[in-house]
1. Taking a ≥ b ≥ c as the square roots of the Cα gyration tensor eigenvalues, with a/c under 1.5 meaning rounded and otherwise prolate when a/b beats b/c, else oblate, which class fits the chain?
2. In the chain, what percentage of the DSSP-assigned beta bridges are antiparallel, given to the nearest 5?
3. For the stretch 29-90, state which GluC sites (Glu not before Pro) are in a DSSP loop and have at most 14 other beta carbons lying within 10 Å of their beta carbon.
4. Over the stretch 69-176, give the accessible area per residue in Å² for a 1.4 Å probe, as an integer.
5. Computing the accessible area with a 1.4 Å probe over protein heavy atoms, can you report the carbon and sulfur percentage for the stretch 48-187?
6. Net charge near His34: determine it from the other residues with C-beta under 10 Å of the C-beta of His34, scoring Lys and Arg +1 and Asp and Glu -1.
7. Could you go through the stretch 80-88 in sequence order and give the Karplus-derived ³J(HN,Hα) for each residue, using 6.51 cos²θ - 1.76 cosθ + 1.60 with θ = phi - 60°, rounded to whole Hz, and x for Gly and Pro?
8. For the stretch 140-150, just list the computed ³J(HN,Hα) in residue order, Karplus coefficients 6.51, -1.76 and 1.60, θ = phi - 60°, integers in Hz, with x standing in for Gly and Pro.
Amino acid sequence: MSYKIWFQAYLRHPLQLGALFPSSSALSSLMVRHIKSDTDGRILELGPGTGSFTRALIKTGIPEEKLVLLEQSQEFTTLLKNSFPKATVICGDAKDVISIFRPLGIEDFNEIVSGLPLNAMGIERRRIICDEGFKVLKRGGSFVQVSYLPRCSIPDTVIAAHSAKRIYCGVTLGNIPPAFVWRAEKH
């Protein structure tokens, strides 16, 4: 069912998804392997789509209640609410993270996991999304990002502005298309 929804969404909005297929389990594991199951705060997922990374987070022992899923597609939001009823699932735009979460009393996150196709966006939109994310990311947390190009899509200016350290996590060749993963730790 989720593959059907994914493919229909891809046909309507290919640049919003960035990939022809949902993320593989290998990519999902690589995206979340640095996150400890005993984290005490919330984890924000940007662009969770059908929930591949969400399932990986739960598999590592993260309680569903600690997950906040921000998805722009109404179809995927409905799917996510049905699949992860204990998570906080919101339909909204990642460039509006602060204005979306402040009224809900959510001020910060321990980790950010992003499946957004940042490289398919203009540099200004990419900068705004990443900057907003770092503003709500706790010190010591990280913003992990997938890219289908062999370069980190978190802008250098944002990493420098938030005193973050970029770390290359690896590539998953079994994913279609192959995916590269970076994370930026906030110091």
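1. rounded
2. Given both bridge residues lie in the chain, the antiparallel proportion sits at roughly 45 percent.
3. Sites meeting the loop and neighbour criteria: none at all.
4. The answer is 46 Å² per residue.
5. 54
6. For residues surrounding His34, the net value is +1.
7. Rounded to whole hertz, the list is 5, 4, 6, 7, 10, x, 8, 7, 8.
8. x, x, 9, 10, 9, 9, 8, 9, 9, 10, x
The values are calculated or read from the model by the stated rules, or taken from the named source; none is laboratory data. The structure displayed is predicted, hence computed values, not measured ones. All Cβ positions, glycine included, derive from the backbone under ideal geometry; neighbour counts span all protein chains shown. All accessible areas refer to the heavy atoms of the entire protein, side chains included, with ligands and DNA or RNA removed. Shrake-Rupley method; radii C 1.70, N 1.55, O 1.52, S 1.80 Å.
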